[in-house]
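The values are calculated or read from the model by the stated rules, or taken from the named source; none is laboratory data. Worth saying up front: this structure is predicted, and the values here are computed from it rather than measured. So basically every Cβ, Gly included, is an ideal-geometry build from the backbone, and we count neighbours across all protein chains shown.
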C-alpha cells in the first residue's frame, strides 16, 4: 500500500482535541467552523470537510491514519456490505467506498453533525449512492456486515468500549473480518485479551505510533 500522506488546511491541529461532550453528543453545541482535511491513501487524494463538534475535526486522527495504512483495505474486486463504526466526518467510509466500487458502506455515528459531514463528503467524491449514513439505532437488525472498520471512541471507558464492540461484532457475517485500531495506552491490549476471551480470533497485525491494529474474525 502507498504511504499515507496527510496535509492540513484551515486551522490549528489542536482543534482535533474535542471533548467527549462534543463528539459524543447527538446534537453538538460547538459552533460549526469548517476545516478541510487532506490526505492520500493507496494513491488516491482526499479532501474532506470537517467541523468543530466532531471527532478530530482539525486533522486526520493518527489512529485512523495507522488503520488506513496498516489495515488490509478492500480493492476493486471486493464485494459486500461494510460498516464504519463512529464515522466522524467520514475518512474511513470514503476510503472504503472509493477502494471497493462494488461494495456499499454503512456509516454510523451518534453525532448528527458527523453524519451530515459524512454524507456531504461521500457525495462530493461521487460515492453517495453506495454510502448509507445512519444513527446506530436506525441500522436494520437483520443487516450483517462482510467487513467492519473502526477507530472506536476509547474515551467512553472500558465498559462502554466493550459494549460497543460487542454489539457490532455480533453483526459480522460468516467469513467476515473486522479491523479495529486502539491506542495501546487506552485499552488496546486489554481489548485484545477480552475479545479473545469472548471466543473471537484476534491478530495484532501492526503496532505503530502507540496504536494497535487488530484483525478480528469469528472463532
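With the requirement that a residue be more than 17 Å from residue 214 (Cα to Cα) and out of contact with any strand residue (DSSP E or B) (no Cβ under 6 Å at 6 or more places or on another chain), what does region 168-200 give you? 174, the sole residue that qualifies.
Those residues that are in contact with a helix residue (DSSP H, G or I) (Cβ under 6 Å, 6 or more places away or on another chain) and closer than 12 Å to residue 63 by Cα, I need them from region 185-205; list them, please. Within region 185-205, 186 is the sole residue that qualifies. Identify, by number, the condition in (1) surrounded by fewer than 16 Cβ atoms within 10 Å (Cβ to Cβ); (2) more than 18 Å from residue 110 (Cβ to Cβ) that residue 183 doesn't meet. Going through (1) surrounded by fewer than 16 Cβ atoms within 10 Å (Cβ to Cβ); (2) more than 18 Å from residue 110 (Cβ to Cβ) one by one, residue 183 breaks only (1).
Restricting the first member to region 140-159 and to residues that are at pLDDT 95 or above, and the second to residues that are outside any loop (DSSP other than H, G, I, E, B) and loosely packed, with under 14 Cβ neighbours inside 10 Å, the beta-carbon pairs closer than 8 Å and six or more apart or on different chains are 146/79; 146/175. I'm checking my understanding of the structure. Among residues of region 165-184 that are in contact with a helix residue (DSSP H, G or I) (Cβ under 9 Å, 6 or more places away or on another chain) and at pLDDT below 95, which one is nearest to residue 134 (Cα to Cα)? Ranking the candidates gives 182 first.
Being at pLDDT 95 or above, surrounded by fewer than 19 Cβ atoms within 10 Å (Cβ to Cβ), within 22 Å of residue 44 (Cα to Cα) and in contact with a strand residue (DSSP E or B) (Cβ under 8 Å, 6 or more places away or on another chain) holds for only one residue in 204, 104, and it is 104. Evaluated against (1) modelled with pLDDT under 95; (2) closer than 14 Å to residue 85 by Cβ, residue 118 falls short on exactly one condition, (1).
Return the only residue of 83, 60 being in a strand (DSSP E or B) and either at positive phi or crowded, with 24+ Cβ neighbours inside 10 Å (or both).
On the way: 60 fails: in a strand (DSSP E or B).
From the options 83, 60, the qualifying one is 83.
Taking the condition within 25 Å of residue 173 (Cβ to Cβ), crowded, with 22+ Cβ neighbours inside 10 Å and touching a helix residue (DSSP H, G or I) at 6+ places or on another chain (Cβ under 9 Å), does residue 122 pass? Steps first, answer last, please.
Working: within 25 Å of residue 173 (Cβ to Cβ): yes; crowded, with 22+ Cβ neighbours inside 10 Å: yes; touching a helix residue (DSSP H, G or I) at 6+ places or on another chain (Cβ under 9 Å): yes.
So residue 122 passes the test.
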